[in-house]
Amino acid sequence: MPLSKRRVARSTGHGDRAKDKQEQLEAFTAGTTHVLTTSQGVQIPDNHNSLKAGARGPNLSEDFILREKITHFAHERIPERAVNARGCAAHGYFEVYRSMVQYTSAAFLQDPDIETPVFVRFSTLAGARGSADTVRDVRGFAVKFYTPEGNYDLVGNNMPVFFIQDAIKFPDLIHALKPEPHHDMPQAASAHDTFWDFASLMPETTHMLMWTMSDRALPRSLRMMEGFGVHAFRFVNARGSSCFVKFHWKPKLGVHGLAWDEAQKIAGKDPDFHRRDLWDAIESGNFPEWELGVQIVDAGKEDELGFDILDPTKLIPEAQVPVQIIGKLVLNRNPDNFFAETEQVAFHPGHLVPGIDFSNDPLLQGRLLAYTDAQLSRLGGANFHEIPINRSVCPMHNFQRDGMHRQTISKGRAAYEPNTLGNGMEFRVDGAAQGFQSHAEPMASPKIRGRSPSFDDHFSQATLFWSSQSAAEKEHIVAAFRFELCKVEVPEIRQRVVDNLAHVDLKLAARVAAPLGIQAPDPKAAAGRLGFREFRIPRKVDEDPSLRMTNQPGGSVKTRKIAILVADGVEAATVRRIQKDLSEAGAVCKILSSHLGTVSTSGGRQLVVEHTFATMPSVMFDAVLIPGGAPSAAALCGLGEAVHFVLEAYKHCKTICAVNEGAQLLGTLGFSHGKNPDLVAMPTPGVIIAESRKVLDGQVTQDFQAAIAQHRHWERLHIDAIPA
Ligand code: HDD
């Protein structure tokens, strides 16, 4: 639709649903510019002194101002989420690119001119509310759409499969994953005995373990990770016919991960790294974007997939069923209050709208029992839907009444239906045409407490994932399993894990086993011990490029952070040129030195220093620039924290650009370099050594940008030899 029409659509409020939600929230939003009162509205004359019997006498118990304030403070914490407790969120909007009327009647998926307000919360799974962001873990990706037909929650993760097939095992999984009950350690980590004991006895976890041991579990940014609905859902169109659908969120900035050493260090240097990154991006107008994709499987075609579409440990390879891009999600406003919005938001996979329905995925079915219960216990009773962030933007009427913190004042005598005393208003929507209709799936099976044999293939897709990884990504997966299992104290648990992995790939298992001090992996041992049957469904694809993170399209320097290391005598012209070019491309450059204030440039001017090496270490950046200027380079070479900065950035496979004498700092990495600073480029991926005259003609910045856009140079060799 031409822009002018879209603008008209918005001006008529037709496209302004995003504003509806913001206006609704504003009605509950309080600023701070008011006269101070008690919670009862009584103005407070003095907020610094308790009421006493004389200036040096005892407090008086009648001091209702003190009592109210101190009592409220004691009740300001609520139970954190049982899982996904650590999170952050943002407001935004969703717009569909084209009508999906062929597949679904859902109103928010019909009109490209409608902006549907959303609230999105990202989270880790295992850690407590105060744990670090950059731990190795799956990330929650929960989207609440405030649609004209009610709230729709797509409560997904950044991984397309899950550990278990049946929700009945969820409490066991989480008990095994969380800190161990005898000493409440370790926090936010799977690298401990109980988790791997459980996982090694549950072969169905194997595919998800490949994902959690990959760099998918270490997002560079919440803005640079995919999202998945995980389960197969149903689209239902106006005629009542349905198809299966799997949901994907594709980030505009591509999918990128941290190096594990980097992620661990960031967890210490800035535990809020991801939430700060999201907050800063939105505050600076770099609104994160994802495209919504769907994989559609027509009813009756699911048997052709080669695995059971109801099995949540299986994904549909994009090479088998392409993802159709159908819309866009933009996050463009930070919450005004973390507790009121982010902590109190209640997501539920059971919040559906007409046109979308459940499948019989046993994990999804079990989830439908869990979320309301969890919210009842942490949001204080049955009226949490009245908390502003949870309110729908469309009218809500029913005969639910009372309960703790009830806000709605329901008028009239009739709190029941049917009725004639409810001033005649017919609460029931008229006829089948309106309202949510469950898909009329025929059911004719005997009751059974069991698992479908079609769920029994626990390894084929784990092998598919492994085979689809680049060499560097395989290195990272092996290293992750080794790290985790070296933390496991009971050798038999380590043995079971590698015996399981032998069903995925024997080389993988052997490489993992090497430093673990256990027997060579033996798949037969595992099968016998664990009782599962060795059952493999013939794979339709042997590898799927969409499963790897490297060599993906979408690399960009936008919002990437570049550290520029300086000392007195720095050659400023190249700094200014590269800084200008990178900033125009959307990157964020920061000048670092050993102290704040300024450094003197070779031209005698003062260059403002923004951060010190100590407070803004290399792990906070995506790339490093070491400008020219002999005194500056010499000073940096003599500064341990500057040398460590570059060593660490190199070890984490980041792009490094050195101009003229700046290359001397690379000498600490063991690069052999001539006396003359006009070096030929080192044969090292992502390391650019240049002369200042090339910088000034813009060529170097282009090379630097191209290297940064590749995110990391994982193919860089010998990084384990780097002492950082
Ligand atoms: Fe869950 C929260 C995602 C399985 C029970 N879950 C929660 C959140 C996300 C997910 C993103 C945080 C929502 C927020 O930000 O407030 N959960 C998933 C996914 C799963 C999954 C993608 C599997 C594919 N979850 C799952 C199972 C159960 C639960 C099998 C229970 C049977 N999940 C919960 C919960 C939580 C929750 C305990 C904690 C807080 C809440 O619901 O409101 O009910």
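General remarks:
- The percentage of C-alpha pairs in the range 265-394 whose separation is greater than 16 Å is 77%.
- Estimated vicinal HN-Hα couplings, Hz - the range 658-663 in sequence order (Karplus 6.51, -1.76, 1.60; Gly, Pro = x): 10, 10, 6, 5, x, 5
- Packing here is the average count of other Cβ atoms within 10 Å per residue, and on that basis the peptides 629-636, 575-582, highest first, run 629-636, 575-582.
- Potential lengthening between residue 534 and residue 452 on full extension [0.36 nm per residue; Cα-Cα distance subtracted]: 28.0 nm
- Relative contact order of the chain, pairs being alpha-carbon contacts under 8 Å that are 6 or more residues apart, as %: 11
- In terms of its alpha-carbon gyration tensor, the range 169-260 comes out oblate; a/c meets the 1.5 threshold, while b/c is at least as large as a/b.
- Length-normalised contact order of the range 485-525 in % [C-alpha pairs under 8 Å, at least 6 apart]: 41
- Near residue 326, the amide H atoms lying under 5 Å from its own belong to 292, 293, 294; only residues 5 or more places off or on other chains count, and H is placed 1.01 Å from N.
- Computed over the alpha carbons of the chain, Rg followed by Dmax gives 28.7, 96 Å.
- Label-point gap, in nm, between residue 184 and residue 70 - each point 7 angstrom along Cα→Cβ: 2.6
- Computed magnitude of the charge dipole of the range 189-231 (debye, nearest 20; Cβ of K, R +1, Cβ of D, E -1): 300
- Cα principal axis extents for the range 492-580, largest first, Å: 69, 37, 17
- The modelled label-to-label distance between residue 394 and residue 238, using points 7 Å beyond Cα along the C-beta direction, is 1.5 nm.
- Nonlocal amide H pairs with residue 157, under 5 Å, H built at 1.01 Å: 141, 228, 230
- 3J(HN,Hα) couplings calculated from phi for the range 342-351 with the Karplus curve 6.51 cos²θ - 1.76 cosθ + 1.60 (θ = phi - 60°) are, in sequence order, 5, 6, 9, 5, 10, 9, 7, x, x, 7 Hz; Gly and Pro show x.
- Mean residue ellipticity at 222 nm, helices only, the chain: -8000 deg cm²/dmol; runs of at least 4 DSSP H residues each add -39,500 (n - 2.57), and the sum is divided by the number of residues.
- For the chain, hydrophobic long helices are taken as DSSP H runs at least 20 Å long by C-alpha position along their axis with mean Kyte-Doolittle hydropathy of -0.5 or more; these are 362-379, 471-486.
- Phi to ³J(HN,Hα) by Karplus 6.51 cos²θ - 1.76 cosθ + 1.60 over the range 88-102, Hz, x for Gly, Pro: 8, 8, 7, 8, x, 8, 10, 9, 7, 7, 8, 5, 9, 4, 4
- For the range 286-337, the relative contact order is 59 percent, taking Cα pairs closer than 8 Å that sit 6 or more residues apart in sequence and dividing their mean separation by the residue count.
Values in this text are rule-based calculations from the coordinates and carry no lab data. Only a predicted model underlies this, so the values are computations on that prediction, with no experimental measurement involved. Virtual Cβ from ideal backbone geometry, glycine too; neighbours counted across all protein chains shown.
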